[in-house]
Structures are given as structure tokens and as C-alpha cells.
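In what follows, a single structure is set out as C-alpha cells and then discussed.
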Amino acid sequence: MTDNSETEDKTAADLVEPEEESKTEEKSIIIASDLFPEQLLIVPLYDRPLFPKMMLPVIISDEELEEHMMKVMKDSLKYIGLVFSFRENEEDEGKLSRTGVVAKIVQASKQANAPLQVVVQVMERFEIVKLQKKQPVMQARVRYWYDQDPGSEEELKAYSVSIINAIKELVQLNPLFKEELGLLMGRVNLKEPGTLADFSASMTTASGKELQKILETRRIKQRIEKALILLKHELEVSKLQSRISHKIEERMSQQQREFFLREQLKEIKKELGLTKEGKETEVEKFLARIRKLKLTEEAQERIDEEIEKLKLIEPASPEYNVSRAYLDWLTILPWGVYSKDYFDLK
């Protein structure tokens with residue numbers, strides 16, 4: 001259980017502030033860092049939330065939001081609020097969460113016919129106090145908060161060791177985790193339990209809603225417990241994937257082994273004169289059919305040309321199958337075979 005505020009279960013929509021509401025409301029409820037603004041431009045995230053200490057690009061796909069950001073970034077926009085917005089499908093507008101992260105804009109780039117890409121350094125968590133929907137963007141007054149109540153040092157150390165061991169297992173099972181681990185190791189301090197919980201959760205393929213629960217958990221012990229559960233689940237999935245891949249590789253290896261053995265057997269029979277190559281057998285089959293037919297001079301000439309062509313084509317070539325099928329059709333036609341038919345024109 002977390003010690004989040006009584007309204008933590010509500011979404012940001014419950015805190016919408018009308019546009020005409022007075023801007024002179026008391027600001028005593030805002031506990032803002034000296035470094036971060038108490039009002040932020042909100043950028044919804046529809047895939048998964050981000051965690052403090054991360055540095056990565058964010059794609060701004062909303063055209064109106066992109067246009068607004070392009071204008072204000074030239075002047076004073078340095079920080080934005082990144083908030084996970086859960087939606088059932090792409091047509092759904094999404095349900096904005098109460099807890100998000102403040103991020104510093106490091107770099108922004110805009111290519112022709114491509115959305116705005118903003119590289120951000122994620123800083124700290126915040127809770128939305130009042131949300132003001134103002135087209136085409138959303139602004140929010142926020143309260144920043146930090147890790148609380150570390151709890152027993154020995155207990156947190158035990159959790160940290162469990163998480164690190166699970167990460168080591170994941171890296172061995174899935175090379176992709178090794179690459180991600182390398183990218184993040186230089187950016188986060190894994191000796192901090194809260195940061196370790198955030199980092200390990202972000203490594204998993206958990207859903208956005210599950211990761212949002214980690215982001216919203218203030219007590220470090222409870223957060224690291226939840227992160228360890230996600231990590232253990234990821235480990236079980238990776239083990240299952242590994243077993244499935246191993247079985248498939250075994251089957252493929254067996255099939256390849258059988259193929260090579262058949263090819264070796266074919267070569268041995270060929271060397272011993274016990275069999276002929278498939279192409280020679282095909283040619284002899286067509287020649288045997290021709291001997292039984294009463295071909296016209298023109299048909300005989302055409303079939304002879306096609307047989308010579310077949311002799312020159314490699315069996316692995318697609319053209320070989322075309323030529324063989326054509327000869328097969330030519331040699332099964334009833335050349336020189338006639339029947340008497342009687343027609344009554346009356």
C-alpha cells in the first residue's frame with residue numbers, strides 16, 4: 001500500500017481548472033523546487049511513463065502541440081511535464097494520470113515531413129494540483145515530491161541484491177537487456193534503492209498501467225517490492241521464450257542433419273553407380289515417352305530443343321521446373337492417336 005494523497009486514485013481530469021478561474025489563487029499548496037516551474041506544459045505519453053534519471057527522445061505527434069512547442073521553445077520553454085495517459089485504443093483521447101515527471105529539454109529537432117523530436121532529461125516526479133485545459137495545449141500547476149521513508153537499510157539492501165541478481169539472469173537470457181543495461185548504467189546510480197526500482201521497472205515489457213503504479217508509489221520499500229515482482233515476471237517470460245527457442249533450434253538442427261545425410265547418401269550412391277541424378281532420370285523418362293509417340297516433324301524438333309535446354313539448366317533453378325513441366329505436358333499428349341467421330345449435321 002502507498003501513502004499517496006487521498007485523491008491519488010483520481011485522474012487528472014478530476015482536477016480540471018476552468019480557463020476563467022482566477023490566476024491569483026493562493027500558491028501555498030505548491031511545493032516547487034527552486035529549479036522547476038510550478039506550472040508546466042503537459043505532454044501526454046500514450047505508450048508508457050518515463051522515470052527520473054532517464055535521458056531519451058520524445059516524439060510529439062500531436063500537430064497542435066508541436067506547433068505550440070516550436071513557438072515557445074524559442075523563448076522560455078525549458079521544462080515540460082510528461083504524464084502517462086491511458087487509452088483503450090488509438091481513437092480514445094486517453095485518461096491523464098495524476099502523477100508525472102518534469103523533464104528538461106536538452107535538444108529539439110524537426111525534419112521535413114516528420115514529427116518534432118525532443119531529447120529530454122527526466123528530473124523528478126510531480127503531482128498535478130490543478131489542470132487547465134487550454135487549446136491547443138494543457139497546462140498544469142504541480143507539486144513536486146521526492147522519495148520518502150527509505151525504511152530498513154538492511155531490508156532495502158536485500159531487495160536491491162535480489163533485483164540486481166534478477167537483472168543479471170535477464171541479461172544472460174536476452175542480449176537486448178544487456179544493451180539496454182549498458183545504456184542506462186552510466187546515467188543512474190544503482191546504489192540508490194529508489195532509482196534502482198525505477199530503472200529495473202523501466203527495463204521490463206510491463207504495460208503502461210503497471211509502470212504507472214511504480215511511478216506513483218512514494219515509499220521506496222513498496223516501490224522496490226513492486227519493481228521486483230515485475231522483474232521476476234519478466235524473468236519467467238524470458239525463460240519460457242528461451243525454452244521455446246531452444247526447442248525450435250533443436251528441430252531445425254535435426255532437419256538440417258537429415259538433409260545433409262540425404263545429400264551424402266545421394267552422393268555415395270552416385271559414386272557407386274547405384275543411382276542417377278534427378279535430371280538424368282527426368283530426361284530418360286521423357287525420351288522413353290517420345291519413343292512411344294508418333295510425333296510430327298515440327299513437334300519432334302520442338303521437344304528435342306526443350307530436352308537439350310533441360311540438360312543445361314541446374315535443377316535448383318526456377319527455370320528448370322518450368323522446362324520440366326512443359327516437357328511433361330508435351331510428352332503426355334496423344335500425338336498421332338486418332339478416333340473416328342460421327343456427326344449428324346441434320
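Numerical summary
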| item | result |
| --- | --- |
| Spin-label model distance (nm) - N321 vs E169, 7 Å beyond Cα toward Cβ | 4.7 |
| FRET efficiency estimate (nearest 0.05) - Cβ-Cβ, E124 to S61, R0 25 angstrom | 0.50 |
| Extension reserve of the S253-N113 stretch, reckoned as 0.36 nm per residue once the Cα distance is removed | 45.8 nm |
| Listed pairs K71/K95; K95/K226; K95/K133; K95/K239 exceeding 25 Å between Cα atoms | K71/K95; K95/K239 |
| Label-point gap, in nm, between H246 and M73 - each point 7 angstrom along Cα→Cβ | 4.8 |
| Mean Cβ count within 10 Å, highest first, over the residues of peptides 237-248, 100-111, 122-133 | 122-133, 100-111, 237-248 |
| Globularity ratio of the range 278-332, using Cα Rg and 2.2 N^0.38 Å | 1.06 |
| Spin-label model distance (nm) - S339 vs E267, 7 Å beyond Cα toward Cβ | 5.1 |
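Read-outs: derived from the displayed coordinates by stated rules, not from any lab. None of these values were measured; they are calculated from a predicted model. Reconstructed Cβ throughout: ideal geometry from the backbone, glycine too, with neighbour counts over all protein chains shown.
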